[in-house]
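The values are calculated or read from the model by the stated rules, or taken from the named source; none is laboratory data. What you see is a predicted model, and the numbers here were worked out from it, not measured in a lab. Backbone-built Cβ (ideal geometry, glycine too); neighbour counts: all protein chains shown. In case anyone asks, the SASA skips ligands and DNA or RNA and just uses the protein heavy atoms, side chains included. Shrake-Rupley method; radii C 1.70, N 1.55, O 1.52, S 1.80 Å.
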Amino acid sequence: EYRAYVAFPDFFRNSTALWWKREIAELYNNPENPERSLKFDGMWIDMNEPSSFVNGAVPSGCSDASLNRPPYMPHLESRDRGLSSKTLCMESEQILPDGSRVRHYDVHSLYGWSQTRPTYEAVQEVTGQRGIVITRSTFPSSGRWGGHWLGDNTAAWDQLKKSIIGMMEFSLFGISYTGADICGFFQDAEYEMCARWMQLGAFYPFSRNHNTIGTRRQDPVSWDAAFVNISRSVMETRYTLLPYLYTLMFKAHTEGSTVVRPLLHEFVSDQMTWDIDDQFLLGPAFLVSPVLQANARNVTAYFPEARWYDYYTGANTNARGVWKDLAAPLNHINLHVRGGYILPLQEPALNTHLSRQNPLGLIIALDKNNEASGELFWDDGESIDTVANKVYLFCEFSATQ
């Protein structure tokens, strides 16, 4: 048995941030051993709650009982081990940028936050491009520098619905680029559940099928041709809508608005929307109504007071402020466009780089007054600070009939 211990860098310290950036730069472009350089566009930082597989410090353990075992104890997997269960001792010292010293107890929830910013800055410095960071631990304002996945979930039906709730919550925290591990991280995925999750996950802002070592493969080609076709179809829909999603991300960046949002955010006065957490909107105009139960071949969806058009056919649903039973065979997820909005789209390709070179278009969904409006944000997709530097295109569309 091989066992190695870990030391957690103190990312609050300016010297640590500089060290971290040097390490990332050496990984990207190793001048002494060029063959060991590893080019990348972004970074995935994990276990930064901080989390470990030991309790407190090794080998001495923790010394301050009042900090590690306070009178009030939140629910923990190992309550008897105190707050240092699978993390640092609470009396561990950290140093803030101004030189003042604090206990880890006071800044525990900020550890992932403190790592995200220097990581994102390092990615931009070494690549010269915008880059991306995905972090497991976040805090309000982390969304300025990174996206987030919802942590270690399970390959189980109840996790599909919980992922929608998780995205809604993180939208409120200002972290818009969020999604769950599609088909589940722990345990073996089941065919139908994974197919439904691929359909749902195609509309996560951060869309990734991911599972742990030792579980069965769950990527689309590991199943059968029918599964591949289901996945390809819904991913082509996602890639078609990337200009709309990209514009929503721009609005989130500049205005603090949400990308994933509950129906109640758009229809506040409709009390029926207040309890709906198994449907969601992308922005104000794109309604996703997934199947979340085994063996279901229909879904009961709520349509607030507006015109709603079937995304695939363009047909008016003729449903306003009512619940409606919709057919949902295994190869279909119900998607609807709200009247009064214009959605930018593109012809999809195998990846985002190739998709961006394809023709753009518009979906025009008229409201009851036969009017619609929409927006498109567009830049090169790679340069840093295009909004601040005003190197972008922003279009406003309007239509009347």
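Miscellaneous remarks
- Yes/no for Phe394 being farther than 22 Å from Tyr311 by Cβ and part of a strand (DSSP E or B): yes
- Listed by first and then second residue, the pairs linking a residue in the stretch 266-279 that is within 13 Å of Ala306 (Cβ to Cβ) to a residue that is open to solvent by 90 Å² or more (accessible area, probe 1.4 Å) and modelled with pLDDT of 95 or more, with Cβ atoms under 7 Å apart and 6 or more places separating them unless they lie on different chains, are Phe267/Glu305; Asp270/Glu305.
- Residues of the stretch 187-203 include at least one that is open to solvent by 10 Å² or more (accessible area, probe 1.4 Å), farther than 29 Å from Arg130 by Cβ, modelled with pLDDT of 95 or more and aromatic (Phe, Trp, Tyr).
- Neighbours by Cβ (under 8 Å, 6+ apart or cross-chain): first from the stretch 289-308, within 22 Å of Ile342 (Cβ to Cβ) and outside any strand (DSSP E or B); second open to solvent by less than 10 Å² (accessible area, probe 1.4 Å) and β-branched (Val, Ile, Thr): Pro304/Thr273
- Taking the stretch 285-303 as the range and being open to solvent by less than 30 Å² (accessible area, probe 1.4 Å) and touching a strand residue (DSSP E or B) at 6+ places or on another chain (Cβ under 9 Å) as the test, the residues that pass are Ala285, Phe286, Leu287, Val288, Ser289, Pro290, Val291, Leu292, Val299, Ala301, Tyr302, Phe303.
- Residue match in the stretch 65-84 (condition: free of Cβ contacts under 8 Å to residues at least 40 places away in the same chain, among the hydrophobic types (A, V, I, L, M, F, W, C) and surrounded by 17 or more Cβ atoms within 10 Å (Cβ to Cβ)): yes
- Some residue of the stretch 204-211 being small (Gly, Ala, Ser), in contact with a Lys or Arg (Cβ under 9 Å, 6 or more places away or on another chain) and either surrounded by fewer than 21 Cβ atoms within 10 Å (Cβ to Cβ) or at pLDDT 95 or above (or both): yes
- Residues of the stretch 245-266 satisfying the condition of being open to solvent by less than 20 Å² (accessible area, probe 1.4 Å) and either more than 18 Å from Gly146 (Cβ to Cβ) or modelled with pLDDT under 95 (or both): Thr247, Pro262, Leu263
- Any hit, the stretch 67-83, residues being part of a helix (DSSP H, G or I) and under 30 Å from Pro205 (Cα atoms): no
- The residues in the stretch 23-54 that are modelled with pLDDT under 90, assigned to a loop (DSSP other than H, G, I, E, B) and not β-branched (Val, Ile, Thr) can be counted, and the count is 5.
- Test set (1) within 21 Å of Asp310 (Cα to Cα); (2) open to solvent by less than 30 Å² (accessible area, probe 1.4 Å) - Met235 fails condition number: (2)
A quick yes/no check of all residues on (1) surrounded by 13 or more Cβ atoms within 10 Å (Cβ to Cβ); (2) not aliphatic (A, V, I, L, M):
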{"site": "Tyr309", "(1), (2)": "yes, yes"}
{"site": "Thr313", "(1), (2)": "no, yes"}
{"site": "Lys324", "(1), (2)": "yes, yes"}
{"site": "Val337", "(1), (2)": "yes, no"}
{"site": "Leu350", "(1), (2)": "no, no"}
{"site": "Ile363", "(1), (2)": "yes, no"}
{"site": "Trp378", "(1), (2)": "yes, yes"}
{"site": "Glu396", "(1), (2)": "no, yes"}
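- Some residue of the stretch 162-181 being assigned to a helix (DSSP H, G or I), under 16 Å from the mean Cα position of the chain (by Cα) and acidic (Asp, Glu): yes
- Test result for Tyr111, open to solvent by less than 20 Å² (accessible area, probe 1.4 Å), farther than 30 Å from Phe203 by Cβ, part of a helix (DSSP H, G or I) and of a type in the set (Ser, Thr, Tyr): yes
- The stretch 4-20, residues that are aliphatic (A, V, I, L, M) and open to solvent by less than 60 Å² (accessible area, probe 1.4 Å): Ala17
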